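Asker: Structure in structure tokens, see below.
The values are calculated or read from the model by the stated rules, or taken from the named source; none is laboratory data. Since the model is a prediction, treat every value here as computed from it, not as a measurement. Positions of Cβ are generated from backbone atoms using ideal geometry, with glycine treated the same way; all protein chains shown enter the neighbour counts. Accessible surface areas use protein heavy atoms only, side chains included; no ligands, DNA or RNA. Shrake-Rupley method; radii C 1.70, N 1.55, O 1.52, S 1.80 Å.
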Amino acid sequence: MRRFKWIEWNLLKIDAHGLSAREVEGAFDRVWLLRERRDGSFEMYAATPAGRRIWVIWRYDREEDVPDILDDMDDAPIFVITAY
């Protein structure tokens, strides 16, 4: 099961492009292209549940020095950098 880390910063960035967290999260089920970038983040071309085609730039949110209260889960949360 995917977990997402949303903070005011990334919510404002996607809102500026007319997207909601729910739409961006839904796009992870409709991926057409996914590639890793040089900095270790990912870029993804996908569609929202309503069919809008978008780009999503994201990374896994792994902070080595901060204990994760959900440490027993296998996958690190997804941190969306932007979507447009």
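Asker: Tell me the carbon and sulfur percent of the accessible area for the chain, rounded to whole percent, probe radius 1.4 Å.
Answerer: Looking at the chain in its full context, I get 49 percent from C and S.
Asker: Just the number please: accessible area per residue for the chain, 1.4 Å probe, all protein chains included, in Å².
Answerer: Ligands and nucleic acids excluded, the figure is 69 Å² per residue.
Asker: Could you work out how far apart the two model spin labels at ILE57 and TYR84 are, taking each label as a point 7 Å from the Cα in the direction of the beta carbon, and quote it in nm?
Answerer: Inter-label distance under the simple model: 0.8 nm.
Asker: Right, here's the next one. Looking at the stretch 1-33, which trypsin sites (Lys or Arg not before Pro) are DSSP coil and have at most 16 other C-beta atoms within 10 Å of their C-beta?
Answerer: ARG2, ARG3, LYS5, ARG30
Asker: For the chain, what is the relative contact order in percent, using Cα pairs closer than 8 Å and at least 6 residues apart in sequence?
Answerer: Rounded, it is 36 percent for the chain.
Asker: Given labels modelled 7 Å from the Cα in the Cβ direction, how far is it in nm from HIS17 to GLU36?
Answerer: Placing both labels 7 Å beyond Cα along the Cβ direction yields 2.2 nm.
Asker: Can you run phi through the Karplus equation (6.51, -1.76, 1.60; θ = phi - 60°) for the stretch 75-84 and list ³J(HN,Hα) in whole Hz, with x for Gly and Pro?
Answerer: Along the stretch 75-84, the couplings run 9, 5, x, 8, 10, 7, 7, 6, 8, 8 Hz.
Asker: Placing unit charges on C-beta atoms (Lys and Arg positive, Asp and Glu negative, everything else neutral), compute the dipole magnitude of the chain about its Cα centre in debye, rounded to 20.
Answerer: Taking the Cα centre of the chain as origin, the dipole is about 660 debye.
Asker: Kindly give the semi-axes, whole Å and largest first, of the ellipsoid equivalent to the chain, taking each as the square root of 5 times a Cα gyration tensor eigenvalue.
Answerer: After diagonalising the Cα gyration tensor, the semi-axes are 22, 14, 13 Å.
Asker: Moving on to the next point. Through the Karplus equation 6.51 cos²θ - 1.76 cosθ + 1.60, θ set to phi - 60°, convert the phi angles of the stretch 33-47 into ³J(HN,Hα) values in whole Hz; use x for Gly and Pro.
Answerer: Working through the residues one at a time gives 8, 9, 9, 7, 9, 4, 8, x, 7, 10, 10, 9, 9, 8, 10 Hz.
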